[in-house]
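The values are calculated or read from the model by the stated rules, or taken from the named source; none is laboratory data. All figures in this text were calculated on a predicted structure; none of them were measured in a lab. Cβ placement follows ideal geometry from the backbone for every residue including glycine, while neighbour counts extend to all protein chains displayed.
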Amino acid sequence: MKLFFQSGFFPQSPRFKQFRPEHRFGAGRSGHAGWFNAHISAITVLDAELSLVLERLGLAVDKPSGGSELKSVRPRGDAMQILVADDHDIVRRGLKQLLNSRPGWEVCAEASTGREAVALAEQLRPKVVVMDISMPELNGLEAARKILKILPKTEIVILTLHFSDQLVREILASGARGYIMKSDADRDLVAAVEAVSNHRSYFTARAADMVLNGFNAGSHAPDPGTVLRNRLTPREREIVQLLAEGKSSKEVAVSLNISVKTAETHRANIMRKLELHSVSELVRYAVKNQIIEA
Amino acid sequence: MRILIADDHEAVRKGVCAILSSRSDVEVCGEAENGKETIEKANTLKPDLIILDITMPVLSGFEAAREIRKTLPKVPILILSMHESTQLIGEAKKIGVQGYVTKTQVGSTLLEAVDKLLRYETFFPERVFPPESAVQTV
């Protein structure tokens, strides 16, 4: 069953402002919550204020996509919850459709940046996060590290466009257990999510071969770029991406809720540790190390 | 109205299908993963509209569009591209396609673009994009 609520469905009264989850679907009237979860697959909300109310009812509210004002809301049932993160709306929609078509799986939310993925993961605690590696503000690898720090039992599948043994190593180091190419998503996505949800690793055959060949050839020594990058703290790696995306120290400070002076100190430390002397060198470094896309 | 979707990434094709599924008057009659397959399916299925990615294996979207223009000159073609590039939009117009939407804005613009092309109008981004220093793909 799908419900469509519009603005004005609920009375706009002072009492309504004090509406709390237990009034309708909470433990005190558990029958309502049970009926809701059993009968309603989704609600489409046409009103921002109403969506906030539904969030207060304990329902997961998807973020609006593609500039649309619509938000879809799903009850939290027994389905395996999956968070999808990609900066392209069209890819998120496709991934969502591929994943939702599996019985017992449900995409509980979508994120368009790494930072948003971390916040939604913390809020919704999904079992699996399927995440693009290249996202603005915070890339997939840094987001994976942050999510796993907060939710060590959550499993992460990284999606990439490009392929290299160095990237496979970076992904392994981030703690993600799954790595698939976007172009192979039709073949590998379901298998990868299935594997990681059982706490097993999943790497496409090409990735597995590459890592194996690399190790066999004795080429597993990290490259100089990785050695330099490992000198950075997680916060500094975040700031590298923001600076490479063209943000000023002031914008970095606002974005991370730190003082401008702190941002400038981080910036100076980054340049020293990476042995760089200008922003253009930093951008080149970020592109070369796939922190941002060219 | 029958639409053929061509993109080498299934996630993108499924995303386009998801957007189009909100319209009862539109049917996805086929999907193609590369330019060659797009030409073959276009000639076989004779769709009312083709949604075409630029960066595809075997034969690019632009090359496929050139071929399709020869055999099905009246079928509107909508380019679905990762690139916000004035140069590519100019190239698309030169080939004779009727529309261009970027993948970053497809969620909000696809249905409008499809409607316009099915009315034999055109749909191109209004703003002028700066030249790209490098090419990205999705």
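Report, by residue number, each residue of segment B:7-25 that is free of Cβ contacts under 8 Å to residues at least 40 places away in the same chain and at the interface with another protein chain (Cβ under 10 Å from one of its Cβ atoms).
Kept after step one, since they are free of Cβ contacts under 8 Å to residues at least 40 places away in the same chain, are these residues of segment B:7-25: B:10-11, B:13-14, B:17-18, B:21, B:24-25.
Hits for segment B:7-25 are B:E10, B:A11, B:R13, B:K14, B:C17, B:A18, B:S21.
Scan (1) on the phi > 0 side of the Ramachandran plot; (2) surrounded by 19 or more Cβ atoms within 10 Å (Cβ to Cβ) for the single condition B:K46 breaks and write down its number.
Of (1) on the phi > 0 side of the Ramachandran plot; (2) surrounded by 19 or more Cβ atoms within 10 Å (Cβ to Cβ), only one is false for B:K46: (2).
Pick out the one residue from A:E137, A:E155 that is among the acidic types (D, E) and at pLDDT below 95. Step through it out loud before you land on a result.
On the way: A:E155 fails: at pLDDT below 95.
It is A:E137.
Determine which member of the set A:A144, A:A119, A:A173 is more than 14 Å from every other protein chain (Cβ to nearest Cβ), within 24 Å of A:E293 (Cα to Cα), under 10 Å from the mean Cα position of the chain (by Cα) and surrounded by fewer than 21 Cβ atoms within 10 Å (Cβ to Cβ). Steps first, answer last, please.
Details: A:A144 fails: surrounded by fewer than 21 Cβ atoms within 10 Å (Cβ to Cβ); A:A173 fails: under 10 Å from the mean Cα position of the chain (by Cα).
Just a single option satisfies the conditions, and that option is A:A119.
State whether one or more residues within segment A:83-101 are more than 14 Å from every other protein chain (Cβ to nearest Cβ) and surrounded by 23 or more Cβ atoms within 10 Å (Cβ to Cβ).
Within segment A:83-101, the first condition is being more than 14 Å from every other protein chain (Cβ to nearest Cβ), and the residues that meet it are A:83.
Adding the requirement that they be surrounded by 23 or more Cβ atoms within 10 Å (Cβ to Cβ) leaves A:83.
Looking through segment A:83-101, at least one residue is more than 14 Å from every other protein chain (Cβ to nearest Cβ) and surrounded by 23 or more Cβ atoms within 10 Å (Cβ to Cβ).
Does segment B:3-18 include one or more residues that are at pLDDT 95 or above, within 13 Å of the chain's Cα centre (by Cα), farther than 22 Å from A:K182 by Cα and not in a loop (DSSP other than H, G, I, E, B)?
Yes, there is a match, as at least one residue in segment B:3-18 is at pLDDT 95 or above, within 13 Å of the chain's Cα centre (by Cα), farther than 22 Å from A:K182 by Cα and not in a loop (DSSP other than H, G, I, E, B).
Rundown of residues vs (1) within 14 Å of another protein chain (Cβ to nearest Cβ); (2) over 19 Å from A:V91 (Cα atoms), yes/no style:
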| residue | (1), (2) |
| --- | --- |
| B:I5 | yes, no |
| B:E27 | no, yes |
| B:A32 | yes, no |
| B:N43 | no, yes |
| B:M56 | yes, no |
| B:G61 | no, no |
| B:T71 | no, yes |
| B:I79 | yes, no |
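Filter segment A:235-294 for residues that are of a type in the set (D, E), closer than 18 Å to A:R115 by Cα and in a loop (DSSP other than H, G, I, E, B); which is farthest from the other protein chains (Cβ to nearest Cβ)? Lay out the reasoning, then the answer.
Pass one, segment A:235-294, residues of a type in the set (D, E): A:236, A:238, A:245, A:251, A:264, A:275, A:281, A:293.
If we keep only those that are closer than 18 Å to A:R115 by Cα too, we end up with A:236, A:238, A:245, A:251, A:293.
Still in the running and in a loop (DSSP other than H, G, I, E, B): A:245, A:293.
Details: A:E245: 14, A:E293: 6 Å.
Among those residues, the one meeting the criterion is A:E245.
Could you check, for segment A:235-252, whether at least one of its residues is touching a helix residue (DSSP H, G or I) at 6+ places or on another chain (Cβ under 6 Å), surrounded by fewer than 14 Cβ atoms within 10 Å (Cβ to Cβ), outside the structural domain of A:E116 (by TED's automatic domain parsing) and not aliphatic (A, V, I, L, M)?
Yes; the residues of segment A:235-252 include at least one that is touching a helix residue (DSSP H, G or I) at 6+ places or on another chain (Cβ under 6 Å), surrounded by fewer than 14 Cβ atoms within 10 Å (Cβ to Cβ), outside the structural domain of A:E116 (by TED's automatic domain parsing) and not aliphatic (A, V, I, L, M).
Testing B:S108 on (1) in contact with a Leu (Cβ under 8 Å, 6 or more places away or on another chain); (2) assigned to a helix (DSSP H, G or I), one condition comes back false. Which one is that?
The number of the failed condition is (1).
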